[in-house]
1. Looking for whichever is acidic (Asp, Glu), farther than 25 Å from A:Lys483 by Cβ and within 14 Å of another protein chain (Cβ to nearest Cβ) here; the options are A:Asp270, A:Asp262, A:Asp301, A:Asp223. Which one fits?
2. Are any of the residues in the range A:151-162 of a type in the set (A, V, I, L, M), within 7 Å of chain B (Cβ to nearest Cβ), part of a loop (DSSP other than H, G, I, E, B) and farther than 24 Å from A:Gly78 by Cα?
3. Could you tell me whether the range A:139-153 includes any residue that is surrounded by 24 or more Cβ atoms within 10 Å (Cβ to Cβ) and of a type in the set (Val, Ile, Thr)?
4. Take A:Pro927 and decide whether it is surrounded by fewer than 21 Cβ atoms within 10 Å (Cβ to Cβ) and either part of a strand (DSSP E or B) or in contact (Cβ under 8 Å) with a residue 24 or more places away in the chain (or both).
5. Residues being assigned to a strand (DSSP E or B), aliphatic (A, V, I, L, M) and in contact (Cβ under 8 Å) with a residue 60 or more places away in the chain: count how many of those fall in the range A:895-924.
6. Would you check if there is a residue in the range B:165-177 being of a type outside the set (Val, Ile, Thr), at pLDDT 95 or above and part of a helix (DSSP H, G or I)?
7. In the range A:831-877, how many are of a type in the set (Phe, Trp, Tyr), within 14 Å of chain B (Cβ to nearest Cβ) and either in contact with a helix residue (DSSP H, G or I) (Cβ under 6 Å, 6 or more places away or on another chain) or in a helix (DSSP H, G or I) (or both)?
8. Provide a single number: the residues in the range C:44-72 that are more than 9 Å from chain B (Cβ to nearest Cβ) and either assigned to a strand (DSSP E or B) or of a type in the set (Val, Ile, Thr) (or both).
Amino acid sequence: MNPYRVYGKGRIDHRAPVSFTFDGKTYEGRRGDTVASALLANGVHLMGRSFKYHRPRGPVSAGSEEPNALIGTKRGTGRYEPNTRATVQEIYPGLKTNSQNTYPSLKFDLGAVNDAAYMLFSAGFYYKTFMWPKSFWDKVYEPFIREAAGLGRSPTERDPDHYASRYHHTDVLVVGTGPAGIAAALSAARTGLRVTLVDENAEAGGTLLSEPQAVIDGAPAWDWLEAQLAELKALGVRVMTRTTAIGYYHQNMVALCEKLTDHLDAPDPDMPRERMWRVRAGQVILAQGALEKPLVFDGNDRPGVMLAGAAQTYLHRYGVLVGKRAVVATSHDSAWYASFDLHDEGCEIAAIVDTRADLRADLVEAAAARGIEMHLNHSVSGTDGRLRVKSIRINRMRDGKAAFGRRIFCDCVLMSGGWTPSLHLFSHTMGKLAWNDDLTAFLPDVKTEACQIAGAGRGLWGIEAALNDGFAMGAAAAEALGKSGATPTLGVTHDRTGTGVTQIELPTDRSPSSARAFVDYQNDVTAKDLRLAVREGMRSIEHVKRYTTNGMATDQGKMSNINGLNIAADALGKPQPQVGLTTFRPPYTPTTFGAFAGYHKGGHFEVTRKTPIDGWAEKNGAVYEPVSLWRRAWYFPQNGEDMDQAVARECRATRESLGIFDASTLGKIEVVGPDAVEFMNRMYTNPWTKLAPGRARYGLLLGDDGFIRDDGVIGRMSQDRFHVTTTTGGAARVLNMMEDYLQTEWGDLQVWLTSTTEQWATIALNGPNARKLLEPLTEGLDLSDEAFPHMSVAECTIAGLPARLFRISFTGELGFEVNVPARHGRALWETLMDAGAQYDICPYGTETMHVLRAEKGYIIVGQDTDGTVTPYDAGIGWAVGKAKPDFVGKRGLARPDLVAPGRKQLVGLLTEDHSKLEEGAQIVRDPKEAVPMTMVGHVTSSYDSVAMGRPIALALLAGGHDLMGEIVHIPMPDRIIAAKVTGTVFYDPDNTRLKL
Amino acid sequence: MTRFSALSLLKNAVSGNKNWTEQWPDSQPKDEYDVIIVGAGGHGLGAAYYLAKEHGITNVAVIDKGWLGGGNTGRNTTIIRSNYLYDESARLYDHALDLWEGLSQELNYNVMFSQRGVMMLAHNVHDVQSFKRHIHANRLNGVDNRWLTPEQAKDYCPPLNIRPDARYPVMGAALQKRAGTARHDAVAWGYARGAAARGVDIIQNCPVTAIRRGADGAVEGVETARGFIRAKKVAVSAAGHTSVLMDSAGVRMPLESYPLQALVSEPVKPIFPCVVMSNTVHAYISQSDKGELVIGSGTDQYTSYSQRGGLPLIEHTVAAICEVFPIFNRMRMLRKWGGIVDVTPDRSAILGKTPVQGLYVNCGWGTGGFKATPGAAHTLAWTVAKDEPHRINAPFTLERFTTGRLIDEAAAAAVAH
Amino acid sequence: MLLIHCPYCDETLPELEFAYAGQAHVVRAADPSSQTDEEWRDFLFIRDNVKGVHAERWQHVHGCGRFFNALRHTVSDKFLTTYKAGEPRPVLDDTERSA
């Protein structure tokens, strides 16, 4: 039993009761209700509290522009969201909702003390105070302000729902399913174009749903609507409801957010909650209609005061009367029609108050016929009532001034300050607007995208005008896409055309400085605040907005921007265009983060690249580390080892016998062509001409600024073919850089580049027994040191698999790297593990690799170098082919600062007390210097070295190559560590173990 | 100028707030100034303020093509920190931080500098090494920065997801407790009010179309939409538009302008106590006093002056936030916007003199100019007043791009600013 | 998201397939070693950063892999034309320039 329900009216299902709760109390609505319409049907207007003053508030609108009726919505664990508009959220059985920003309760809120002290909280008050004492801002004032602000509470649990995202291509996208949108879709679709029609509401129809009295082309509006939707369906038009066009991006891409489950009784858990569509359209038709403006008067925010158009919508769409005794306050004809409709369904219209002195005779007659009291040329100077409006105070106007007021008792006030075109999506395109003085509104002017604006969105009023404009714009869009069709013109009777005047805050006979005439309801910005901002020197609307927060609430200024502009312009004595319009930003309505993230969540946030051997590592207990997009086996702990123990064991096993390492993540590029060697000469610092096929060389790549970019071993497979390896993280970057130079600088070279990173699985075998393991498995190649010395490469067969075999080492031990087609990687690995059992073969991870290479002083680009290091700094000047006329980076290397003395150079460090240094620790020469100390370098790599029996470190040190044997100091928080500067090669400096 | 105090607020409240006076006048240009600053953002207004206050140079105009504070000052995510690696950067940003700490009192304007702490997340071994390098360098430079374990990081910021199975697990964090956020508009307004009170002209809606040089090569003044205005010293502080202006003076700049986007959520009660930056996943987040989650994104890949920015980047940014803070998945985006940032090859600013006599520049802050506002303004005023580099801004020359003496924080640490 | 015409594939495709590659027609000297420090600085770092029609390079990185040039208006982000690497910059008429 809903006391305010008009049975038989509206588009809800009167036979389908639906129970839900609001602040713990159960209410009954009907299938098709929103939370707001259902609560209103129960006589409940009070739904929330405002942001700053905690004033009681009820819904002012019936749509997504609602600033007041924001609630928390909950559906079981993890499914809670704050700030949901009660005017949009459809009810379903079991929906739990709560009011927000209240303590201890909605009806009695302590925060409302702010309201009593409103004079202190004038616009910008917080810029003028809270500065004394200084320490109080962080500790006292700010926490207080934060707790008072903020509306709802954030979710605190993981979201169990998932979100989808899709692309969609269409010839014409129509936004809005009111008469203009339907007509535009029809005329475009009739030419054979693919058309998509979207609307944010649950049901298509827009204004037509609130104006059933209209007769279109001889048919009642709702019948006409049903017939057109059927035709659209027959024409193949995709009609999407509960789908908001949230943003209009470059080159006619519109983002749509489709809500899929928030209205369902028991959604399938496999169904996404929302779906983000990225629509690319040939033409976009914006038929978003217009938004009704509130009137600005003292007490215009009391629960029960709402837009007349909203009351009309509640009646016709939901069968709800928003009150039993209404006063209508307006400056536009449309509210008169709303009052007639409500009157005719049994709501007493206590009075129609219009600011205008002269009204259309037919409206006056229609009101008189209904016995409605009329007060023309009247202002409104206040309302009363604590949690619901009880009365309204109106004043006759003389010469624009308000005379003494009189009260009229009522339980709701329906107001209309006229209508303003919805320009949001058009604004996203950076399209230019033009001010129209007659309509006191901005209208779309210069377009930047392929779009048409139809209907009320460009200032047209009435169903017939919107409809016929829709047909014309649909045809215009079709024509722009090379199609032509008819542009029908339909007649509409019982249409409600009308006009109005625009008001700033209404005149009052009371002190304007105590008037609480709200412009931005949610943010509690009053007309007075706007005038204060202007008085304080805020001359552009952008300043006024930021100073007062007008238009920055969750309705994004839909209710407040135009009233704010009119009042600010009045205060400045300037026309509105000179004061400016704040730009509307996407999204059109607040949009769930999860819908933007879409599938990019958890394991799908970004792809995880895995090598062909990854599965074996996982099975064998590897601990992983992320390296660029890859996950790499970091170490293989056994029997509860920690990382240090595991790494020490892996290091020892490799140096003593045999280690096996998955190096498949190394970047690999095949450089092929008659000019391959010339290309390599130009690209890399090293000379390549004399490198014989079958031999390999360490290659160093610089940027043209002279700094190290990448490195890797490069094998010459034949005269015209190189097998290039890169660092794991650098693979794509190096290929792009090569392509860039090849395509745009050296078009003369005949070279082809192919990424082969994922084609090869690469297994490194290191240790004195490496050859013994490989020899019996290798066919077609003599692995002896004489036939296949260090830095050799050959194609052969290993374990029956076609392979590219390198004899190289990143450990200082006898080493081989076997490349086999990726699909055979795992099999080869397992074969080698089986065959290596006799040598106690030990799989090792990236940490052991790092330790072993550091013992040999082999650098890691990105760890021992950092984008500011030259080959000479890194001590690898021997890799620079100085005799070459040019290579990438040669000129850069000659720049003044790169050849200046005192550069940071790579050295070894051995601590005097044998403690392990921390990577990143800074080096000083004078340990006694006060802070700020003069830092001369930092530790780049530091490890406990089993082979050396002590910790070792590499460091970049200013002038380091000239400081061999000297002592430097590393100040730590608790002590200062002294270390001796050494060369970078700690282990086997004569490379005897490479030559086994 | 009315002095702001609790008392003045009370007095005005009682009198219906009718007696507040304008915070700065809408000045009309004179024929000549001692100094013209092009660009009325925080940097430009701040430089004018310090010129007047510390150097007694008050015949100054700050000229802007639009409204003051309407550029990047009013479009950024307001992160303030100084835990930079290199001595040069640490000194500049720490100087700024020192000034931030007293700025509200200095300006008698509450800029709401909130030292909530900025936490930078390490997601891989390379991040850990890099952040520790920062922490050690900062300690020896006297700059606050400390290392947190994942558990300590979660204690500091409870919404943080530190589950080891995350796609980018949190391996630790660097925390600068002195760092935080401020109210961006208030910085521009506070400097404007302070500068105007000392006689500086703030000229809005007056595009500067060119910088004019005399026969001797020295600066003579600026051409504007309201005619030529004479000045022997011109400082360009017009983020996003520096290249175009400097080009008119014959100085080609190592700058590219990129779109940068940011967004806020709907406001909620306090849930997020600090600032968190993750360079690996490219997301920055804090909660404003109003309750909105303020989220910063990276730059789009192409240069642009459109202030628009594309959807894919925003999608990635929001996904990154939800990955690190999964409880925010059901929060809603309220508004997103774009700015234009000038980016130099080493991602550090250019601040000080130029090859042209009388022409000074403050540009190239990339995505991180807000935090430097007081420091950059303060030292630029010094340089303009004395026509010589300030100890702190001296390394930030144009010259470094010729010699190769770059201040390359990004290359050094893969850390975006 | 921009739509970009690859002159090699002769298809108009979304930005996600492409990588921006900076200002076009910045020529690397035939003999860099003969360049002064200033000339080399200009090559490495100095850019026009045009507010207006900008000649720039893109790579169809997730497509054919080719680098090509484009004229794009940096205020509207509109592409006026794209052309192959090595081709001279096309001459536009005034209406296009103000796009």
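The values are calculated or read from the model by the stated rules, or taken from the named source; none is laboratory data. Please read all numbers here as calculations on a predicted model, not as lab measurements. Using ideal geometry, Cβ is built from the backbone for each residue, glycine included, and neighbour counts are taken over all protein chains shown.
1. After ruling out the rest, the residue left standing is A:Asp262.
2. no
3. Checking the range A:139-153: not a single residue is surrounded by 24 or more Cβ atoms within 10 Å (Cβ to Cβ) and of a type in the set (Val, Ile, Thr).
4. Details: surrounded by fewer than 21 Cβ atoms within 10 Å (Cβ to Cβ): yes; either part of a strand (DSSP E or B) or in contact (Cβ under 8 Å) with a residue 24 or more places away in the chain (or both): yes.
Yes; evaluated as a whole, the condition is true for this residue.
5. Of the residues in that region, 4 qualify.
6. no
7. The qualifying residues number 0.
8. Count: 10.
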